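Worksheet for the structure shown next.
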Amino acid sequence: MQFKIGDLVVHPAFGIGHIAALEEKQFYHEGAHPYYKITQRKQSMWIRAEAQETSGLRLVTPMSELAHYREVLQSSPVPLDPNPQQRQMELVSRLKQGSFQSVCEVMRDLTASGWQKSLGQADTTTLQKTRDSLSEEWATAAGISATEASREIDSLLLATRPAASELQ
């Protein structure tokens, strides 16, 4: 997919930004290649145009698709691997896909896991980063604040939380 100047995009590691330019750049000892300049609040980054798909760069999810993602957040969670190292590798792999679907699924699954038992340090960190990323994109797509987006996401997740007696 070719992006246009002004497109609002999401990078899985760096979040939301605007396509500010498409320019020929030469980094290191490689020849010149076309790069997208993506501007964010406090930084700019360059993503090679030919590598946009492998980098996970994509357009911000349209508002019209949020209804589907509300259903994803309210759907049954997928149990996570009990082995902490394996679980982290799987979660990172899912998030590296860069899709909004995978972000919603990881949020749902980690949240549900935290209802069953306390999350460890790595899972807590992954959950917080996922929550921040999801809230930022949800807010952008819906045209609301990140705080409002977080409240809506939490409400959707809590609507499917089993009663305490069911967790044991």
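The values are calculated or read from the model by the stated rules, or taken from the named source; none is laboratory data. Quick caveat, the model's predicted, so the values are computed rather than measured. Note that we place each Cβ from the backbone using ideal geometry, even for glycine, and neighbour counts take in every protein chain shown.
A few comments on the model shown:
- Among the candidates 30, 53, residue that is loosely packed, with under 12 Cβ neighbours inside 10 Å and within 18 Å of the chain's Cα centre (by Cα): 53
- Residues (of a type in the set (D, E, K, R) and either assigned to a loop (DSSP other than H, G, I, E, B) or not assigned by TED's automatic domain parsing to the domain that holds residue 109 (or both)) located in the stretch 66-98: 81
- Just so you know, in the stretch 88-115 the residues that are within 13 Å of residue 157 (Cα to Cα) and among the polar types (S, T, N, Q) include one that is nearest to the chain's Cα centre (by Cα), and it is 111.
- Subset tally (residues that are in a strand (DSSP E or B) and under 29 Å from residue 108 (Cα atoms)) for the stretch 39-65: 2
- One residue stands out among those in the stretch 4-21 that are part of a strand (DSSP E or B) and of a type in the set (A, V, I, L, M, F, W, C): the one that is nearest to residue 101 (Cα to Cα), which is 10.
- Figure legend. Inter-residue proximity from the stretch 9-29: first residues under 13 Å from residue 39 (Cβ atoms), second residues at pLDDT below 85 and not in a strand (DSSP E or B), beta-carbon distance below 7 Å, spacing 6+ or different chains. Indicated pairs: 11/55; 11/56.
- Of all residues in the stretch 4-18 being within 11 Å of residue 60 (Cβ to Cβ) and among the hydrophobic types (A, V, I, L, M, F, W, C), the one that is surrounded by the fewest Cβ atoms within 10 Å (Cβ to Cβ): 8
Residue by residue, here is whether (1) buried (at least 18 other Cβ atoms within 10 Å of the Cβ); (2) in contact with a strand residue (DSSP E or B) (Cβ under 8 Å, 6 or more places away or on another chain); (3) charged (D, E, K, R) holds:
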{"site": "91", "(1), (2), (3)": "yes, no, no"}
{"site": "99", "(1), (2), (3)": "no, yes, no"}
{"site": "114", "(1), (2), (3)": "no, no, no"}
{"site": "149", "(1), (2), (3)": "yes, no, no"}
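- Residue in the stretch 124-136 that is surrounded by 12 or more Cβ atoms within 10 Å (Cβ to Cβ), assigned to a loop (DSSP other than H, G, I, E, B) and in the same structural domain as residue 154 (by TED's automatic domain parsing) present: no
- Within the stretch 30-49, being free of Cβ contacts under 8 Å to residues at least 24 places away in the same chain and aliphatic (A, V, I, L, M) holds for one residue alone: 32.
- Residue, nearest to residue 81 (Cα to Cα), within the stretch 116-131, restricted to residues that are without any contact (Cβ under 8 Å) to a residue 12 or more places away in the chain and within 16 Å of the chain's Cα centre (by Cα): 124
- Near pairs, Cβ below 7 angstrom, 6+ apart or cross-chain, from the stretch 54-66 (at positive phi) to any residue that is part of a helix (DSSP H, G or I): 56/96
- In the stretch 1-51, the residues that are in contact with a Lys or Arg (Cβ under 9 Å, 6 or more places away or on another chain) and hydroxyl-bearing (Ser, Thr, Tyr): 35, 36, 44
- In the stretch 27-56, the residues that are touching a Pro at 6+ places or on another chain (Cβ under 9 Å) and either among the polar types (S, T, N, Q) or closer than 14 Å to residue 101 by Cα (or both): 55, 56
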